[in-house]
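See below for the structure under consideration.
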Amino acid sequence: MTLKAKFLSFCFLMLCVESLAQNLKYFGQTEIGFLYGRSDELWDGNHENRINFTLMTFNGIQFTENHSIGLTTGLDQYDDISIIPLALGWRSILGKEGKIKYTGGLDIGSGLTWLEKNERNEWSKTWYEGGFLVSPSLGIGLPTKGGKTAFSFSIAYKRQVFSRFHGILSTFGTTTIPNDQLPPEYSSLTEDQFLFRSFVFRAGLMF
């Protein structure tokens, strides 16, 4: 089983545990905002500042009065690449009921490239694969009149890795040297790895 398959199986297990733990209190958080950071390296070696869209939703259970654990997902747009984060998340909330609350969080997981299309022709194939992500966060919650929900504002740091693969397909009748690291249908395969570090600013609701 691959690392990604193991991680997805673990996330599915967490969802099952969440559904069975009916005696535990649910906690959710949904926010939208933007990612601020530097673009990928340009042809001249320089970088440009970028501002990208981000959507985050956390669904978890409170295992203590102030702490929750669950799954975080959403959508991050890095220039023209769309990444779906899937992470194990932790949230901590401090403060009295009906007052301003202070929040902290941490998400650790992987970015998925399910929205990106593979490009293939008779000579080559290009595709993207997601990689490791980590994102600590701090924020505040402002209670609404009903008291069951709160407006949330948070700042975070997000480190996201993903890769672009480009493979040259073997043509019919071509003899290639066997290579354990090269899939049978390819005569060559290159990987370009990208690392995006972003400051994140979001606003939404806690419920």
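Scan segment 138-160 for residues that are open to solvent by 20 Å² or more (accessible area, probe 1.4 Å) and part of a strand (DSSP E or B) and the total you get is 9. If you go through segment 95-107 and keep only what is open to solvent by less than 60 Å² (accessible area, probe 1.4 Å) and assigned to a strand (DSSP E or B), you end up with K101, T103, G104, G105, D107.
Could you grab me the full set of residues in segment 161-173 that are at negative phi and part of a loop (DSSP other than H, G, I, E, B)? Before the answer, list the steps.
Within segment 161-173, the first condition is being at negative phi, and the residues that meet it are 161-172.
If the condition is that a residue be at negative phi and part of a loop (DSSP other than H, G, I, E, B), then S170, T171, F172 are the ones that fit.
State all residues of segment 108-137 that are of a type outside the set (D, E), out of contact with any Leu (no Cβ under 9 Å at 6 or more places or on another chain) and not in a strand (DSSP E or B); if no residue qualifies, say none. Residues satisfying the conditions are T113, W114, K117, N118.
G74 fulfils the conditions (1) closer than 18 Å to G139 by Cβ; (2) open to solvent by less than 10 Å² (accessible area, probe 1.4 Å); (3) under 13 Å from the mean Cα position of the chain (by Cα) except for a single criterion, (2). Per the conditions (1) under 22 Å from L71 (Cβ atoms); (2) over 13 Å from the mean Cα position of the chain (by Cα), the sole criterion not satisfied by Y157 is (2). Taking segment 54-71 as the search range and keeping residues that are more than 11 Å from the chain's Cα centre (by Cα) and among the hydroxyl-bearing types (S, T, Y), which one is modelled with the lowest pLDDT? Result: T64.
Check G37, G98, G105, G109 and return the single one that is at pLDDT below 95 and under 16 Å from V134 (Cα atoms). Selected residue: G37, the only one of G37, G98, G105, G109 that is at pLDDT below 95 and under 16 Å from V134 (Cα atoms).
Against the numbered list (1) over 22 Å from N52 (Cα atoms); (2) open to solvent by less than 20 Å² (accessible area, probe 1.4 Å); (3) modelled with pLDDT of 90 or more, F196 comes up short only at (1).
The values are calculated or read from the model by the stated rules, or taken from the named source; none is laboratory data. None of these values were measured; they are calculated from a predicted model. With ideal geometry, Cβ positions are generated from the backbone for all residues, glycine too; neighbour counts draw on all protein chains shown. In case anyone asks, the SASA skips ligands and DNA or RNA and just uses the protein heavy atoms, side chains included. Shrake-Rupley method; radii C 1.70, N 1.55, O 1.52, S 1.80 Å.
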